[in-house]
Amino acid sequence: MADDTTDTKSSNQMWGGRFASGPDAIMEEINASIGFDKKLFAQDIRGSIAHATMLAHQGIISTDDKDKIVHGLNTILSEIESGNFEFSRQLEDIHMNVEARLATLIGPAAGRLHTARSRNDQVALDFRLWVKEELQKTEQMLTNLIAAFLDRAEEHAESVMPGFTHLQTAQPVTFGHHCMAYVEMFGRDRSRVRHAIEHLDESPIGAAALAGTGYPIDRHMTAKALGFREPTRNSIDTVSDRDFAIEFLSIAAIAGMHLSRLAEEIVIWSTPQFGFVRLSDAFSTGSSIMPQKKNPDAAELVRAKTGRINGSLVALLTIMKGLPLAYSKDMQEDKEQVFDAAESLELAIAAMTGMVRDMTVNTARMKAAAGSGYSTATDLADWLVREAGLPFRDAHHVTGRAVALAESKGCDLAELPLSDLQAIHPDITDKVYGVLTVEASVASRKSFGGTAPSEVRRQIAFWRARN
């Protein structure tokens, strides 16, 4: 006959050593969010002060109770900021931790704070405020990164380097022009940040659990007090979606991808085989066994951070994809992904800004490489079209023959004798040598957005005016 009782030893084995007390311990572990959502303390207190002030203004609570609540909340804020606040896992989240402490400080008046709101709209408010502030921080950091690239682009508007496709030498460009490509990328990232701020600039507080409230609240008042453009317009949507967080992660993933591409180029460029740039010791490490090594670890870690950010985006998309309206506890899993991605993105942008300003550019090495791989072949084809009147496809064929000849002789196109070029096509004259140098090549690319130094400087001026 089985015994309905279970001794302590068998209970521990059933639940595992970490959950010695059984189901209650498991529920506490899976339900508590204070370990990470305490990061929202400032936003939670700010939202509660605005809510209490509105309640008093509307006559829903007394001015005396409001004053006690605001004083208590400011006291709690000071305690947390000074490290003297004791967070409790038993109280689950930041909201209940603050409310419990408030009750201790001011007594029954604390119970009036939660009038006309729910933890559902409260957490939506706290999180939205935090993401908005993080986006504003990201906007400024991207502005600083763009400024660093503008300085390097101006410094190297005439510094010739090879342009690549398929990581093969394609055509000569300037390093300034290459830097401006990243200005464009990070400029679009910043535009996405600004649009995201506009999208989320609505106050959730007052949506309550999902249906709004019967109290005569003024949601426009709290929205204004909290720096939002206006209140949200549907209480169900307000508490049930996290697309503002997903949009932040999407932006972070795209910016991270741009940072990773740049990091990859720095890794390649800093190798002895390229030698285009050199990072100082501030952004490099040595080898524990090979004393000659100088590793671009900062760039490599920026490249790796992108994987974490992408993972956070996929995680939150997956968390939200099957949730019926309105709120579900699954949504508690939203914050850790965003917090981690934000930290990774901040660090990656800061590191990359430092590397861009710090790196030494080897212009001589870049110029030498710019002429390799017959990078001025397109200039020869263009010359044949322009000066000899050939259709481009014919000019392309003639140029291909010239490249093959130069390759067989082990020389550059500019080193081929005129007689050899005329043997390929009789209309070639000695004027062709004026377009076969890398300097002449880049100088000729004056189309809008091209690599000519004059055009690079024009784009730098445009971006300085808007940065």
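The values are calculated or read from the model by the stated rules, or taken from the named source; none is laboratory data. For clarity, every value in this text was computed on a predicted model and none was experimentally measured. Positions of Cβ are backbone-derived with ideal geometry, glycine not excepted, and every protein chain shown enters the neighbour counts. To get the accessible areas, we keep the full protein, side chains included, count just its heavy atoms, and leave off ligands, DNA and RNA. Shrake-Rupley method; radii C 1.70, N 1.55, O 1.52, S 1.80 Å.
Observations, loosely collected:
- There is no residue in the stretch 115-130 that is surrounded by fewer than 17 Cβ atoms within 10 Å (Cβ to Cβ), within 34 Å of the chain's Cα centre (by Cα) and in a loop (DSSP other than H, G, I, E, B).
- Looking only at residues of the stretch 366-388 that are open to solvent by less than 60 Å² (accessible area, probe 1.4 Å) and under 35 Å from the mean Cα position of the chain (by Cα), we find that the one that is nearest to Pro426 (Cα to Cα) is Ser375.
- Per this entry, Ser280 is counted among residues that are surrounded by fewer than 16 Cβ atoms within 10 Å (Cβ to Cβ) and of a type in the set (S, T, N, Q).
- Against the conditions (1) loosely packed, with under 14 Cβ neighbours inside 10 Å; (2) under 44 Å from the mean Cα position of the chain (by Cα); (3) within 21 Å of Phe164 (Cα to Cα), Thr363 satisfies every one except (1).
- Residue in the stretch 207-219 that is aliphatic (A, V, I, L, M) and without any contact (Cβ under 8 Å) to a residue 40 or more places away in the chain present: yes
- Answer from Ala414, Ala381 - the residue that is out of contact with any His (no Cβ under 7 Å at 6 or more places or on another chain) and either in a helix (DSSP H, G or I) or not polar (S, T, N, Q) (or both): Ala414
- Listed by position, the helices (runs of 4 or more DSSP H) contained in the stretch 1-70 that have at least 2 residues being modelled with pLDDT under 70 and surrounded by 14 or more Cβ atoms within 10 Å (Cβ to Cβ) are 8-15.
- Residue match in the stretch 389-403 (condition: open to solvent by 60 Å² or more (accessible area, probe 1.4 Å) and closer than 19 Å to Thr165 by Cβ): yes
- The stretch 356-378, residues that are farther than 14 Å from Tyr433 by Cα, part of a helix (DSSP H, G or I) and touching a strand residue (DSSP E or B) at 6+ places or on another chain (Cβ under 7 Å): Met366, Lys367, Ala369, Ala370, Ser372, Gly373
- Within the stretch 155-249, helices (runs of 4 or more DSSP H) holding 2 or more residues that are under 30 Å from Glu264 (Cβ atoms), open to solvent by 10 Å² or more (accessible area, probe 1.4 Å) and in contact with a helix residue (DSSP H, G or I) (Cβ under 7 Å, 6 or more places away or on another chain): 175-200
- Subset of the stretch 239-291 that is of a type in the set (S, T, N, Q) and in contact with an Asp or Glu (Cβ under 7 Å, 6 or more places away or on another chain) - its residue that is modelled with the lowest pLDDT: Thr285
- The residue pairs whose first member lies in the stretch 47-59 and is more than 16 Å from Leu77 (Cα to Cα) and touching a residue at least 60 places away in the same chain (Cβ under 8 Å), whose second member is open to solvent by 50 Å² or more (accessible area, probe 1.4 Å) and basic (Lys, Arg), and whose beta carbons are closer than 9 Å, counting only pairs six or more residues apart or on different chains, are Leu55/Arg112.
- Among the conditions (1) free of Cβ contacts under 8 Å to residues at least 40 places away in the same chain; (2) surrounded by 20 or more Cβ atoms within 10 Å (Cβ to Cβ), the only one that Ser408 does not satisfy is (2).
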